[in-house]
1. Go over the candidates 110, 173 one by one and state the one that is farther than 30 Å from residue 288 by Cβ and either modelled with pLDDT under 95 or small (Gly, Ala, Ser) (or both).
2. I'd like to know if segment 35-46 contains one or more residues that are under 27 Å from residue 325 (Cα atoms), buried (at least 19 other Cβ atoms within 10 Å of the Cβ) and either touching a Pro at 6+ places or on another chain (Cβ under 9 Å) or not hydrophobic (A, V, I, L, M, F, W, C) (or both).
3. Before we move on, is residue 87 closer than 26 Å to residue 48 by Cα and not small (Gly, Ala, Ser)?
4. Here are some conditions: (1) of a type outside the set (Val, Ile, Thr); (2) in a helix (DSSP H, G or I); (3) surrounded by fewer than 18 Cβ atoms within 10 Å (Cβ to Cβ); (4) in contact with a strand residue (DSSP E or B) (Cβ under 8 Å, 6 or more places away or on another chain). Residue 104 meets all but one. Which one does it not meet?
5. Which of the strands (runs of 3 or more DSSP E) contained wholly in segment 201-257 include at least 3 residues that are among the aliphatic types (A, V, I, L, M)?
6. Just a yes or no: is a residue in segment 111-124 assigned to a strand (DSSP E or B) and open to solvent by less than 60 Å² (accessible area, probe 1.4 Å)?
7. Look at residue 34 and say whether it is part of a helix (DSSP H, G or I) and either under 30 Å from residue 153 (Cα atoms) or in contact with a Phe, Trp or Tyr (Cβ under 8 Å, 6 or more places away or on another chain) (or both).
8. Can you go through 247, 226 and tell me which one is of a type in the set (D, E, K, R), surrounded by fewer than 21 Cβ atoms within 10 Å (Cβ to Cβ) and either within 20 Å of the chain's Cα centre (by Cα) or at negative phi (or both)?
Amino acid sequence: MTEQVKTIAVVGASPFAWLLAGLLASDHSRAIVLLSPPANPYALRALPSLSFAPVTRPETWSILLNHTRPALRRLSRIVPTIGERIDIRVLARSAEAIVALSHMRHSAQGFRYPADPIEKDANGTFMGLRDVRLIDAAALYRASPSWLAAANVAVLNSLDGLKIRRDGSAQFGTTSIDQVILADDTAIMEWLDADEISKFARIEHWAGIETAPQRPGRYRAGFDLDTGTVFAQSGDGTIRAAARNDDGRALDRIADCLSLDPAPRLAARTSLTRLFSHDGAPVLGPTRRDKIFVVAGLGTLDLILAPLIAGIIAEQASGVEAEWAVAHGTNLRQPRREVAEFHPGLVAGGVQ
């Protein structure tokens, strides 16, 4: 039996946080405490989990293509039907976004990823991508309590009594914790002060929606490169989408991204506070000052990259994966030019 060398506290209420905790326990034999509010089955989770994100770095494409199938196999051991094959659309309107879209198209060709030719319509320039997996985060969330129990993860619904030290360790009651991992945006914003967060990320206010069931269109998910808006349609026809809402225009951005006529009926709406790294790339590792391990900026790739990140935290990564982790360090000064990605905040004039 592998020796449990560390006690790790994973803090977070997202499906990613729960998955990360379970993987560290079941795949890497770590003693895990998951600090999370009770599961809320009625919470609207507007951000989809996919096997694709609009990335531009060849290194990121390589990581994704090398890890998607193993990750899906691992996730299917928790929920057998967790990944659904869909087609998606990536839309661009500004000159900068169109250049980024062209770069993504060339990257897809280079990595032999099934991408359609770039087209134009009344909404802008777009590219279709096939063989993308839409991951059922809700099903994972439902299956997680029994899976976490089987993996001997101690789940605590109260964070009262957690005292994090400056070296990233902590004390929780009588339990000594070797490492604390803040595994979602809410946890990071709760436990780090604004000055520490500002060194690696900015805070944005978003809105998320859910629609009544709608007949599936050609593309079951999509991204708007100019605004960062994202949507996905589940198998039952429900569309969930999210967009930036600092100026109250989230619904307009979502409508532009969906481009459906007639527009689907709005069934639910929620507010989101999200963290975005200054250079558009994921953030992984101890913070510069407080040395608390954070994971942020994964976007739609959260569940696909969870097995890789669990291996990195467990110090099992080597070669390209270890280099990727180091290059995405939280304590590095941004922009980290070697890993920076295109993102809406870089579009001339700001987010549309």
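1. Only one candidate passes the filter, namely 110.
2. Within segment 35-46, one or more residues are under 27 Å from residue 325 (Cα atoms), buried (at least 19 other Cβ atoms within 10 Å of the Cβ) and either touching a Pro at 6+ places or on another chain (Cβ under 9 Å) or not hydrophobic (A, V, I, L, M, F, W, C) (or both).
3. yes
4. Every listed condition holds for residue 104 apart from (3).
5. In segment 201-257, the matching strands (runs of 3 or more DSSP E) lie at 201-211, 239-244.
6. yes
7. Judged against the criteria, residue 34 is not a match.
8. 247
The values are calculated or read from the model by the stated rules, or taken from the named source; none is laboratory data. Worth saying up front: this structure is predicted, and the values here are computed from it rather than measured. Cβ coordinates were reconstructed from backbone atoms using ideal geometry, including for glycine residues, and neighbour counts include every protein chain displayed. Remember, those area values only see protein heavy atoms, side chains included, never the ligands or the DNA or RNA. Shrake-Rupley method; radii C 1.70, N 1.55, O 1.52, S 1.80 Å.
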